[in-house]
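Data first, discussion second: the structure below is written as structure tokens.
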Amino acid sequence: MTTRQIRKKCQALVSALDLPRPFSIDAFVRQLSARRSRPIWIRTVPIGAAINACGLWIATESGDDIYVEEKTTRFHQDHIILHEIGHILCDHGITDQETQGALATLLPSISPEMISRLLARSNYTTEQEQEAELIATLIHTAAGMLTPSPSTGVRGELEAALGIRE
Ligand SMILES: [Zn+2]
């Protein structure tokens, strides 16, 4: 697919979503779970030290687990969750083989056999990563969660005067 086609596909996926207003990650995850009739669980774990990723999606028979790096900002966590949801929405396969050992350490409750089965699918391709990242960005934007760029000029001075500038 060309970049344009990827963009089109992701935009279509995101505009088909009925984002909760006011938007919150929790409300969005609840809504998506209901819509897919499949629970999505968000779990924060110290994942970054174990594998070379900030987030991880594992699909099991009972639902979808999203693991998120706990040692990062809330904003970044939200973005990671949306990125993993991007993979879910695109129905991408899960994870890469090199995470297998680390996962076993991270998730001792899951048997090595189970992990092998989970990881038997293909690695994410660059295109899949692009899609997931784009979906995360599009949802972030649609939800108005992006940090506004610092205002400059007259507007910035006004905001500073009104005390609404950080
Ligand atoms: Zn990804």
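Sorted by mean Cβ packing within 10 Å, highest first, what order do the peptides 1-8, 36-43 take? Write out the running numbers ahead of the final one.
Details: 1-8: 11.2, 36-43: 14.2.
Those peptides, ordered most packed to least, come out 36-43, 1-8.
Nearest 0.05, what FRET efficiency do Phe23 and Thr44 give at R0 = 25 Å with Cβ-Cβ as r?
Values: r = 20 Å, r/R0 = 0.79.
About 0.80, to the nearest 0.05.
What is the packing order of peptides 14-27, 62-75, 129-142, taking the mean over residues of other C-beta atoms within 10 Å and listing the highest first?
Values: 14-27: 13.4, 62-75: 15.8, 129-142: 19.5.
Descending mean neighbour count gives 129-142, 62-75, 14-27.
Can you tell me how much longer the chain between Ser15 and Glu129 gets when fully stretched, taken as 0.36 nm per residue apart minus their C-alpha distance, in nm with one decimal?
Numbers: separation 114, 0.36 × 114 = 41.04 nm, distance 1.94 nm.
This chain segment gains 39.1 nm when fully extended.
No lab work stands behind these numbers, since they all come straight from the coordinates. Here the structure is a predicted model, which is why all the values come from computation and not from measurement. All Cβ positions, even for glycine, are placed from backbone atoms using ideal geometry, and neighbour counts span all protein chains on display.
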